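Below is one structure, written out as structure tokens, with a few remarks after it.
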Amino acid sequence: MKIEDRLFLVKFNPDKESHLVIKDRKTCRHCEFKPCQYFCPAQVYEWDEEQKLITVAYEGCFECGACRTGCPYLNIDWRYPKGGYGVAFRYG
Ligand code: SF4
Ligand code: SF4
């Protein structure tokens, strides 16, 4: 099965509040390569050049946990979404 087909099987039930929190936005401004934009398979993180901050599209998070260790400054507070929210998989 192709990855596109697998991703089609993913569905989300997003909470109103983000389960992903940037601890210190100033740190992101000094983060040279902003690797969160590349290691996240769901492309949740995006640098907003105008506002000088990382935006977090938490609704599409796959809950893989990579951002717990991928940020060189450990600047992402990661936790699972509250019960009933977050990613779900559809079978068949
Ligand atoms: S990798 Fe971490 S410090 Fe760098 S921009 Fe992303 S969240 Fe901010
Ligand atoms: S847990 Fe995985 S999918 Fe979710 S934001 Fe972090 S790296 Fe992206």
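The values are calculated or read from the model by the stated rules, or taken from the named source; none is laboratory data. Because the structure is a prediction, the values reported are computed rather than measured. Because the Cβ atoms are built from the backbone with ideal geometry, glycine has one as well, and the counts that use them run over all protein chains shown. Just so you know, the surface numbers come from the protein's heavy atoms only, side chains and all, with ligands and any DNA or RNA stripped out. Shrake-Rupley method; radii C 1.70, N 1.55, O 1.52, S 1.80 Å.
Which of the residues spanning region 1-60 are modelled with pLDDT under 95 and hydrophobic (A, V, I, L, M, F, W, C)? Scanning region 1-60 gives 1, 3, 7, 8, 9, 10, 12, 42. When region 70-84 is filtered for residues that are open to solvent by less than 100 Å² (accessible area, probe 1.4 Å) and in contact (Cβ under 8 Å) with a residue 60 or more places away in the chain, the ones remaining, listed by number, are 81, 84. The residue that is nearest to the chain's Cα centre (by Cα), counting only those in region 52-69 that are open to solvent by less than 30 Å² (accessible area, probe 1.4 Å) and within 11 Å of ligand 1 (Cβ to nearest atom), is 67. Inspect all residues belonging to region 38-49 and state whether any of them is part of a strand (DSSP E or B), open to solvent by 100 Å² or more (accessible area, probe 1.4 Å) and of a type outside the set (A, V, I, L, M). Looking for residues that are part of a strand (DSSP E or B), open to solvent by 100 Å² or more (accessible area, probe 1.4 Å) and of a type outside the set (A, V, I, L, M), one finds at least one in region 38-49, hence yes. Checked against the criterion of being under 25 Å from residue 11 (Cβ atoms) and either within 15 Å of ligand 1 (Cβ to nearest atom) or among the hydroxyl-bearing types (Ser, Thr, Tyr) (or both), the candidates 73, 45 yield just one match: 45.
I'd like to know if region 78-88 contains one or more residues that are within 10 Å of ligand 1 (Cβ to nearest atom) and either not basic (Lys, Arg) or not in a loop (DSSP other than H, G, I, E, B) (or both). No, region 78-88 has no match at all.
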